[in-house]
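Q: Can you keep this structure in mind? I'll have questions shortly.
The values are calculated or read from the model by the stated rules, or taken from the named source; none is laboratory data. Since the model is a prediction, treat every value here as computed from it, not as a measurement. Glycine also receives a Cβ, built like all others from the backbone with ideal geometry; neighbour counts cover every protein chain displayed.
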Amino acid sequence: MDYRSPAGGDFTRCLMMSTRAALSQEQVFALFDIIPCMEYCELQRDAYGMSKGHALIRYANLGSSVYAKEKLNGFEYPPGNRLLVNFVDDGEDRGSPVGRMAMQFVATQMMSAPWNGPSSSQSMKPPSFPVSPMLRIQTDVSLPPLKKLATPESKAKERLFVVFSPSPLPPDVLEDVFCRYGSLIEVHLVPGRKVGYMKYAEKQCADDAMAALHGQVINGVKMKVMLADPPREESHKRPRTY
């Protein structure tokens, strides 16, 4: 798919959203899913799984994408962060007179439709959990329901060391998967390496996650899940000599 803007300002079924705020996949999905017929939404990430500040959204029909562009371009989400939404080339040919007439008709109809989504002065609460987890996680593993994270101040009683092949999963996907076994404190990916650490507040929860996920494939990525070595002390006392 060509991510360039379409020539002549044509309408397309694909949109590119840009944001300066650190939005998650779930937040972007929930926002654009307000408009019916969304069939694809993906936050663009770098090699380390961090957001690039862009998301690609595709709708099943032209009317929905035109409506989304009209209503969400310039929308403040979260408050103070103005979203930029533009059409991107979807590869379809609309250069014929009939195609242009159809685009104009759809745009006119959608612009006159009532808007039941959030107003620019209305703040939206991000969803507590993914709107549609099955769109984000593909695996043969029977995953338990989502569980709340432990507080950041919780003491880590066990750490898991995870090796990814061929590349690391995004942090939010890892959090989604590993939190399901309870008491997950945080996910940490090592920059430039295909490894990461999962910190748990309860040893049993870490053991359950390791037993269920070691050797499994999530979104095409195979994981080796092992107990991490205890953290090294930053300083060691010299043994006393007599």
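Q: Could you tell me how many of the residues in segment 79-91 are in a loop (DSSP other than H, G, I, E, B) and either modelled with pLDDT of 90 or more or surrounded by 15 or more Cβ atoms within 10 Å (Cβ to Cβ) (or both)?
A: 3
Q: Looking at segment 158-218, what strands (runs of 3 or more DSSP E) fall wholly within it and have at least 3 residues that are touching a residue at least 40 places away in the same chain (Cβ under 8 Å) and assigned by TED's automatic domain parsing to the domain that holds V141?
A: 158-165
Residues are listed down the side, and each one gets a yes or a no for (1) assigned to a loop (DSSP other than H, G, I, E, B); (2) within 27 Å of H188 (Cα to Cα); (3) modelled with pLDDT of 85 or more:
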| site | (1), (2), (3) |
| --- | --- |
| Y3 | yes, no, no |
| G53 | no, yes, yes |
| K71 | no, no, yes |
| D93 | yes, no, no |
| A102 | no, no, no |
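Q: Could you go through segment 199-222 and let me know if any residue there is modelled with pLDDT of 95 or more and within 19 Å of the chain's Cα centre (by Cα).
A: No, the conditions are met nowhere in segment 199-222.
Q: Within segment 30-76, track down each residue that is loosely packed, with under 15 Cβ neighbours inside 10 Å and among the basic types (K, R).
A: Hit for segment 30-76 is K52, nothing else.
Q: Please specify each residue of segment 187-201 satisfying the condition of being out of contact with any helix residue (DSSP H, G or I) (no Cβ under 8 Å at 6 or more places or on another chain) and not hydrophobic (A, V, I, L, M, F, W, C).
A: H188, P191, G192, R193, K194, Y197, K199
Q: Which of the residues spanning segment 16-40 are farther than 22 Å from E175 by Cβ and either in a helix (DSSP H, G or I) or among the polar types (S, T, N, Q) (or both)?
A: Within segment 16-40, just S18 meets the criteria.
Q: Let me ask another. What number of residues within segment 188-225 satisfy the criterion of being in contact with an Asp or Glu (Cβ under 6 Å, 6 or more places away or on another chain) and of a type outside the set (A, V, I, L, M)?
A: Let us first name the residues in segment 188-225 that are in contact with an Asp or Glu (Cβ under 6 Å, 6 or more places away or on another chain), namely 199-200, 203, 206.
Now restrict to residues that are of a type outside the set (A, V, I, L, M): 199-200, 203.
Total satisfying the criteria: 3.
Q: Only residues that are under 21 Å from E153 (Cβ atoms) and in contact with a Phe, Trp or Tyr (Cβ under 6 Å, 6 or more places away or on another chain): list them for segment 164-196, please.
A: Selection gives S183, L184, H188.
Q: Collect the residues in segment 5-23 that are in contact with a helix residue (DSSP H, G or I) (Cβ under 9 Å, 6 or more places away or on another chain) and modelled with pLDDT of 85 or more, keeping them in residue-number order.
A: Matches in segment 5-23: T12, R13, C14, L15, M17, T19.
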